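In what follows, a single structure is set out as structure tokens and then discussed.
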Amino acid sequence: MRLNPKSFQKKILDWFDKNGRKNLPWQQNKTPYRVWISEIMLQQTQVATVIPYYLKFIDRFPDIETLANASQDEVMHYWTGLGYYTRAKNIWQSAKRIQEYFSGQFPNNFLDIESLPGIGRSTAGAILSIAFKQAHPILDGNVKRVLTRLMGVREWPGEKKTSEKLWQLSEELTPAERVDEYTQAIMDLGATLCVRGKPACHRCPLQKDCIAHKKGIQKNLPAAKPKKKIPVRETHFLMLQDKDKIFLQKRPPSGIWANLWAFPEFPEKFSTAKIKKWIASTVECEIFKITRLENFRHTFSHFHLDIVPVLISIKRKNKREIMPDFHWYDLKNPAQIGLPAPVKKLLFTWIPRIKRGMTSL
Ligand code: SF4
């Protein structure tokens, strides 16, 4: 089936005029900087989750210069809880690059924007169309869902050939005029009507053209990625606790939770003797109790991590630590640093419960 781009655009824009979202925080006082931050936060994250993080972030870092001059730890702190932390690191590095190479002005052409860390073709297209009104296609998760259903594409969109086909379609359908509103409209349509579980086809302006609707196969599209069993890894989180202070270590600059602050990990089999040896190499202290707690699972896209928390109550003999890059996190007066979700959960939910004598999680 061939779609008429003009009639498609009209249907989308007419629907947007009546139903589109026009009061989102990044749609007010629109600047390339504010659009950029919102687009990065919205990657893999829903609007309702993003809004409070976005407001706090913009309040603290209102422009590129402020962001570029902040510490990476502080930027990570403002991202804590939002997940996919590489995004925060990329934003911070991009701000520095914009200061250095683009005189502090957010670039306004595709190649320069796409050269910034963490910005791919779709995000660059969204920034150019929304912030600069330049006609560039996008293909984020919402748009992929609309287009695969509309055209009845049964192949997995992550497959190269299918992805190329969808990009070509997105390009053909993108208008030269009102492109900022069109981009917002097609994203909104995917987020509010053409949703994952049960799309609201009865309210959709594309219903008459939609192949998935005609065939009743909306729920099967887009096709899921062919399944691959993901491996399971196990690790121990060693939680050294001296009253209200908990020992944290900065993670390496690459790998999972890069640059965030976490409990030291102990990948070997649990053994009190080995853990005592590790403590002796970390901090001079008197050990009161070592408690192995109930394990829990944290799942990444490519593996499951089974975490065994080990709470080690100690009293430091002096303030001299042996390990580098450490921080005694004060539960009563927490520092503004980035924490991975399982570490945050242990610090604020579990450790206070354990201190109250509830050793079972
Ligand atoms: S008719 Fe239904 S499946 Fe088709 S684009 Fe609209 S909401 Fe999506």
Next item on the list: Collect the residues in the stretch 205-220 that are more than 6 Å from the ligand (Cβ to nearest atom), farther than 17 Å from residue 14 by Cα and touching a helix residue (DSSP H, G or I) at 6+ places or on another chain (Cβ under 7 Å), keeping them in residue-number order.
Entry: 211
Notebook entry, point to check: Which residue pairs have Cβ atoms under 8 Å apart, sit 6 or more places apart or on different chains, and have a first residue in the stretch 42-58 that is farther than 15 Å from residue 21 by Cβ and a second that is surrounded by 12 or more Cβ atoms within 10 Å (Cβ to Cβ) and of a type in the set (S, T, N, Q)?
Noted result: 43/123
Item checked: Residue among 65, 74 that alone is more than 23 Å from residue 341 (Cβ to Cβ), away from the ligand (no atom under 16 Å from the Cβ) and assigned to a helix (DSSP H, G or I) -> 65
Notebook entry, point to check: Is there a residue being part of a helix (DSSP H, G or I), within 10 Å of the ligand (Cβ to nearest atom), outside the structural domain of residue 326 (by TED's automatic domain parsing) and under 22 Å from the mean Cα position of the chain (by Cα) anywhere in the stretch 191-199?
Noted result: yes
Notebook entry, point to check: In the list 154, 121, 178, which residue meets the criterion of being assigned by TED's automatic domain parsing to the domain that holds residue 19 and within 16 Å of the ligand (Cβ to nearest atom)?
Noted result: 154
Next item on the list: Please tell me if residue 161 is assigned by TED's automatic domain parsing to the domain that holds residue 66 and under 18 Å from the mean Cα position of the chain (by Cα).
Entry: no
Note to self: I want to confirm something. Restricting to the stretch 282-338 and keeping residues that are among the hydroxyl-bearing types (Ser, Thr, Tyr) and modelled with pLDDT of 90 or more, which single residue is farthest from the chain's Cα centre (by Cα)?
What the structure shows: 313
Margin query: For residue 219, only one of the following conditions fails: (1) in a helix (DSSP H, G or I); (2) at pLDDT 95 or above. What is its number?
Written below: (2)
Next item on the list: Starting from residues that are out of contact with any Lys or Arg (no Cβ under 9 Å at 6 or more places or on another chain) and assigned to a loop (DSSP other than H, G, I, E, B), keep the ones in the stretch 227-246 and report whichever is modelled with the highest pLDDT.
Entry: 231
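The values are calculated or read from the model by the stated rules, or taken from the named source; none is laboratory data. None of the values given here were measured: they were computed from a predicted structure. Cβ coordinates were reconstructed from backbone atoms using ideal geometry, including for glycine residues, and neighbour counts include every protein chain displayed.
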